[in-house]
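Worksheet: one structure, shown below.
The values are calculated or read from the model by the stated rules, or taken from the named source; none is laboratory data. Every value quoted in this text rests on a predicted model; they were computed, and no experiment measured them. For neighbour counting, all protein chains shown are included, and Cβ atoms are generated from backbone atoms with ideal geometry for every residue, glycine included.
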Amino acid sequence: MADIIYNGGQRRKYAPGERPIQFKRKEVTPAKVVPVPPLEIHPKFADKHFIVMSDVNEFVPGVEAKMVDWFWGNMEKGYHLWAPGEHYGFDWIVPPCEVGYAGSVEGSYEFDPTNVIKITRASVEYYPFTECYEHCWMSCFGDSTPDSGFLIHMYQDTEGGIFWRSVSVSSEERMRAMAEQMKKMAEMAEKTGMTPPPRPNIAEHMAFESAMLGEFLPGLYKVWEGHPDPWQNVNFDLTTVRQEDGTWRHKYTNVPPTREEVEKALAEGTPYPKH
């Protein structure tokens with residue numbers, strides 16, 4: 001039998017090239033944008049020639065950092081709720097219950113229900129800035145590596161909610177490659193007379209995701225809180241620690257417990273070990 005994919009719930013199977021249904025976006029109060037100073041590249045990463053493509057800091061009410069940590073390990077439980085009508089599907093390609101945080105891979109279907117976006121979680125040892133929030137998730141897209149760019153969601157508790165900062169980073173080399181690809185697509189469209197489909201507004205979509213966090217995540221977290229199976233209910237702690245050289249790492253490795261560790265904890269009535 002083929003390996004099972006841990007998917008994010010029922011969804012319509014679209015045929016290749018079939019036009020996706022455009023659903024009306026759920027009305028929700030936008031998260032408040034909170035201005036912050038720009039991030040500075042740590043000298044260790046200066047030779048990477050990173051470019052900050054976008055950097056948005058928001059206040060999300062009603063959410064705690066521990067809830068977001070938990071969500072990254074359990075996205076199949078609420079991916080459709082995070083952006084209703086715009087998140088068409090979700091699969092784990094490499095599930096966190098098997099490998100932990102770093103190296104886990106999700107397959108997300110945003111805007112296009114037939115083409116998957118492969119997203120691989122990266123360790124914060126690749127985080128290139130001098131300042132970081134108390135919790136951090138970062139990832140690479142497709143088959144790219146941290147040297148070519150990544151998306152960062154960092155967050156920390158504050159009164160009444162969290163500060164949620166989303167940062168998109170690209171290398172100069174990747175930017176040139178993307179510009180060349182766009183040029184070729186435009187030339188092809190002109191040659192064939194075919195108009196390429198409109199590009200999705202990523203900034204609006206991410207703002208929608210930010211606003212939706214407080215709508216669904218606290219309730220979903222509460223439902224699963226205390227669920228005893230650590231492979232069904234994956235718990236991350238993505239707390240960050242500044243190192244002596246000013247770079248960052250996660251406080252914990254966030255690898256799953258072994259069977260022996262779980263059986264020992266159950267027999268002794270103690271919490272599962274935190275890696």
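Summary table
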quantity: Positions within the range 239-275 being touching a strand residue (DSSP E or B) at 6+ places or on another chain (Cβ under 9 Å) and in a loop (DSSP other than H, G, I, E, B), in sequence order; calculated: Q243, K251, Y252
quantity: Single residue of the range 249-275 satisfying the filter (of a type in the set (K, R) and over 30 Å from E131 (Cα atoms)) that is surrounded by the fewest Cβ atoms within 10 Å (Cβ to Cβ); calculated: R259
quantity: Residue identified as touching an Asp or Glu at 6+ places or on another chain (Cβ under 8 Å) and either modelled with pLDDT under 95 or within 26 Å of G269 (Cα to Cα) (or both) among N235, N201; calculated: N235
quantity: Qualifying residue in the range 53-60 (condition: part of a loop (DSSP other than H, G, I, E, B), at pLDDT 95 or above and within 19 Å of the chain's Cα centre (by Cα)); calculated: no
quantity: Single condition F236 does not satisfy, out of (1) in a loop (DSSP other than H, G, I, E, B); (2) free of Cβ contacts under 8 Å to residues at least 24 places away in the same chain; (3) among the hydrophobic types (A, V, I, L, M, F, W, C); calculated: (2)
quantity: Any hit, the range 17-32, residues being surrounded by 14 or more Cβ atoms within 10 Å (Cβ to Cβ), aliphatic (A, V, I, L, M) and over 23 Å from G214 (Cα atoms); calculated: no
quantity: Output for the range 25-48, where each listed residue is among the acidic types (D, E) and modelled with pLDDT of 95 or more; calculated: E40
quantity: Candidate set from the range 130-183 (those that are among the acidic types (D, E) and either surrounded by 13 or more Cβ atoms within 10 Å (Cβ to Cβ) or at pLDDT below 90 (or both)); member that is nearest to E106 (Cα to Cα); calculated: D143
quantity: Test: residue in the range 210-223 that is assigned to a loop (DSSP other than H, G, I, E, B) and either under 18 Å from the mean Cα position of the chain (by Cα) or over 26 Å from K32 (Cβ atoms) (or both); calculated: no
quantity: Pick from the range 109-119, criterion crowded, with 18+ Cβ neighbours inside 10 Å and within 14 Å of the chain's Cα centre (by Cα), ranking: modelled with the highest pLDDT; calculated: I119
quantity: Helices (runs of 4 or more DSSP H) (entirely within the range 61-171) containing at least 3 residues that are touching a strand residue (DSSP E or B) at 6+ places or on another chain (Cβ under 7 Å); calculated: 65-72
